[in-house]
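The values are calculated or read from the model by the stated rules, or taken from the named source; none is laboratory data. Everything numeric in this text was worked out from a predicted model, so none of it was measured. Cβ: placed from backbone, ideal geometry, glycine included. Neighbour counts: every protein chain shown.
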Amino acid sequence: MQFKGNFAFSLLLLGILYVVSFSQNPSTNTEQLNSAQTFFNRGLGQFKSGKIKDAIDSFKHAAEIAPDFIEAQNRLCITFANLKQFSEAITYCRQVVKVKPDFMMGYYNLGRVLAELNQKKEAIEALNQAIRLNPNYASSYYNLAGIYVDLDHTDDAVAPIKKALQLKPDYPEALALAGMIYYRQGKYPEAVDAFQETIRLKPDASVAYANLGIVFMEIKNYQKAADNFNQSLLLKADDGNVHYWLGCAYLQLKNDSKAVDQFKQTLIYKPDFSDALYLMSISYLNMNKKDDALEQYRRLKNLDGDMAKTLLDTIFADKLLILNKK
């Protein structure tokens, strides 16, 4: 049986956005610097108290008073990025590297924000500049590899992910990304090893269990696939995709009642997931529950007419065979 659903490997670019202290640009006079520092310190206190909006206003005042006061620009870049307000963050990230072009972490932060804004080519350039300034920082290579994977340039991702793991062998996010790359290359034993090592280092990584299950599905080890999907769901029960794949594993294991249960769970989280309706109907047919199978057909025809027609032909395949004989 060929599965129609696609599982999106979760790719989290988890490198830390760094905050550092800088020496100030000589063009900033003492009075400006002192005033900017006052607002900046006020912002730090507000930030620590959870008053993020007030902190942002204070950091902005500091940056306006002394545009070369790079600590304020850097803090705004980081704060907006962590709030996922990337269109706001990018202005300050660019200002950081403009004022301090030898600051590696400035280019690293800029690359990550550009990637979030889907400006992948510029993100690659920024991360490569970060690597030129410091070739020993593993997260730069990891994030670069992640962008190549996101662009579906799997072969280009190989060298940076290998370098990331050379610099930092116990890097669970990089190992998980390596597992994805191996999977895409059809190197399934290597993918299994990478995801298992990810789990050893980070046993609460639900995505790693799910991705390992996907690999076992590919090599037709359906019991191990089911075991890993179940473990993923113990850690994160509300993932509709994992429920779907667990249903697929049970279907292959000829445990149709459990397959139905998982497809039902899928539809709680993803009510318009036509593949789950289709396969749930197949599971009902395997259990000789044609009425239940027809109910899924009625739901499916409002979502995907072609798939519904295929399902209806399958449900009444015996009658079609008799008619063809006549």
(message) Any residue that is within 22 Å of PRO189 (Cβ to Cβ) and of a type in the set (Asp, Glu) - is there at least one of those in the range 261-279?
(response) no
Counted residues in the range 96-129 being of a type outside the set (Asp, Glu) and closer than 18 Å to TYR148 by Cβ come to 19
Counted residues in the range 178-217 being small (Gly, Ala, Ser) and touching a residue at least 60 places away in the same chain (Cβ under 8 Å) come to 1
Of LYS224, LYS220, the only residue that is at pLDDT 95 or above and crowded, with 16+ Cβ neighbours inside 10 Å is LYS224
Restricting attention to the range 272-302, the residues that are among the charged types (D, E, K, R) and not in a helix (DSSP H, G or I) number exactly 3
Residue pairs within 9 Å by beta carbon, gap of at least six or interchain, first lying in the range 294-309 and without any contact (Cβ under 8 Å) to a residue 24 or more places away in the chain, second in a loop (DSSP other than H, G, I, E, B), listed first then second, are ALA308/LYS301; ALA308/ASN302; LYS309/LYS301
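Rundown of residues vs (1) crowded, with 20+ Cβ neighbours inside 10 Å; (2) at pLDDT 90 or above, yes/no style:
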| residue | (1), (2) |
| --- | --- |
| GLN32 | no, no |
| THR38 | no, yes |
| ASN41 | no, yes |
| ASP54 | no, yes |
| ALA63 | yes, no |
| PHE69 | yes, no |
How many residues of the range 53-94 are closer than 22 Å to THR38 by Cα, assigned to a helix (DSSP H, G or I) and among the aromatic types (Phe, Trp, Tyr)? The answer is 3
Problem set entry | LEU114 vs. criteria buried (at least 23 other Cβ atoms within 10 Å of the Cβ), assigned by TED's automatic domain parsing to the domain that holds GLN85, within 26 Å of ALA81 (Cα to Cα) and without any contact (Cβ under 8 Å) to a residue 60 or more places away in the chain | yes
When the range 95-134 is checked residue by residue, the ones that are part of a loop (DSSP other than H, G, I, E, B) and within 21 Å of ILE70 (Cβ to Cβ) are LYS100, PRO101, ASP102, PHE103, ASN134
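If a residue counts only when it is within 24 Å of GLY240 (Cβ to Cβ) and in contact with a Ser or Thr (Cβ under 8 Å, 6 or more places away or on another chain), which helices (runs of 4 or more DSSP H) contained entirely in the range 135-210 have at least 3 such residues?
Working: elements: 138-150, 154-167, 172-184, 188-201.
Correct list: 172-184.
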| Is the range 218-235 home to any residue that is within 28 Å of ALA308 (Cβ to Cβ), of a type in the set (Asp, Glu) and free of Cβ contacts under 8 Å to residues at least 24 places away in the same chain? | no
